[in-house]
Amino acid sequence: MKTSGNTILLTGGGSGIGRELAQRWHDAGNVVIVTGRTLASLEETASGRANIHAFALDVADPAAIAAFARDILARFPALNVLVNNAGIMPLEDVSVPRDLSRAEACVVTNLLGPIRMTDALIGHLRAQDDAVIVNVSSGLAFVPLVSAAVYSATKAAIHSWTDSLRLSLQGAVEVIELAPPAVQTELTPGQSTRKGYMPLDAFIDEVMGLFAQVPTPGLIGVERLAYLRNAEAEGRYMETFAALNAPGH
């Protein structure tokens, strides 16, 4: 992936990892389009940066995605990078009957959202030079967190789908997976100050260094990801699964 000269569309750009990526990419010489459900948060991301453009979009709404794709391509015909970052992480007890609306919203936002966004833009991206799709998964794609079982499952699905997408688009569109470990953001309440989680700035610093590698790795994984990513290959999956889900972890 080129480090500059791109026109990048990034979903979930109003906070956390999405906001920091948008601002870093902008400052490196890219035009960045950020979307999310709350325009005010997106405008905070764009504040003081002339080439960050904010647009409200709910990736859970397929009709809105289709209309947005038509409009954004008319406004930004040079768009060559799609970053599927928007996601939600409901914490639930899956051992008892419950209202499934939060679980269903998680599947729609985290899995169907990227699939629909990609489908809406893939024809255009295939015709662009230096085209890239970046799908944001999670360390929990490799070892699940039981209290976020549905979230973990959606990220495992994103990991699998990204592998298939990469092979099917080989030679036409570069496909990259970004798999964060536990990072200090507001994805869940109190997470931005949670002890043991990776500071956001340190995570973004390492990620930007990996994106700058030539060739760009197919999976962007900081050093801290290895604990989860390599658990099965190193024969310690059940040990890691138990430690991740131990009370008070």
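The values are calculated or read from the model by the stated rules, or taken from the named source; none is laboratory data. Being a predicted model, the structure only gives us computed values, none of them experimental. Every residue, glycine as well, gets a Cβ built from its backbone with ideal geometry; the counts of neighbours run over all protein chains shown.
Restricting attention to the stretch 6-56, the residues that are part of a loop (DSSP other than H, G, I, E, B) and among the small types (Gly, Ala, Ser) total 9. Number of residues in the stretch 1-40 that are out of contact with any helix residue (DSSP H, G or I) (no Cβ under 9 Å at 6 or more places or on another chain) and within 20 Å of Gln184 (Cβ to Cβ) equals 0.
Total residues in the stretch 183-203 satisfying the condition of being in contact with a strand residue (DSSP E or B) (Cβ under 7 Å, 6 or more places away or on another chain) and in a loop (DSSP other than H, G, I, E, B): the figure is 2. In summary, Thr109 fulfils each of the numbered conditions (1) within 27 Å of Ala233 (Cα to Cα); (2) under 16 Å from the mean Cα position of the chain (by Cα); (3) of a type outside the set (Lys, Arg) with the single exception of condition (1).
The set of residues from the stretch 220-234 being within 13 Å of Phe142 (Cα to Cα) and either polar (S, T, N, Q) or not in a helix (DSSP H, G or I) (or both) comprises Gly221, Asn230, Ala231, Glu232, Ala233, Glu234.
So, Glu206, is that one among the acidic types (Asp, Glu), in contact with a strand residue (DSSP E or B) (Cβ under 9 Å, 6 or more places away or on another chain) and buried (at least 18 other Cβ atoms within 10 Å of the Cβ) or not? Criteria not met by Glu206.
Looking across the stretch 235-249 at every residue that is part of a loop (DSSP other than H, G, I, E, B) and not hydrophobic (A, V, I, L, M, F, W, C), the one that is surrounded by the most Cβ atoms within 10 Å (Cβ to Cβ) is identified as Arg236. Just one of the listed residues (Thr193, Thr188, Thr154) is closer than 24 Å to Gly14 by Cβ, modelled with pLDDT of 95 or more and among the polar types (S, T, N, Q), and it is Thr154. Among the residues making up the stretch 139-178, those that are assigned to a loop (DSSP other than H, G, I, E, B) and under 24 Å from Ala212 (Cα atoms) are Leu169, Gln170, Gly171, Ala172, Val173.
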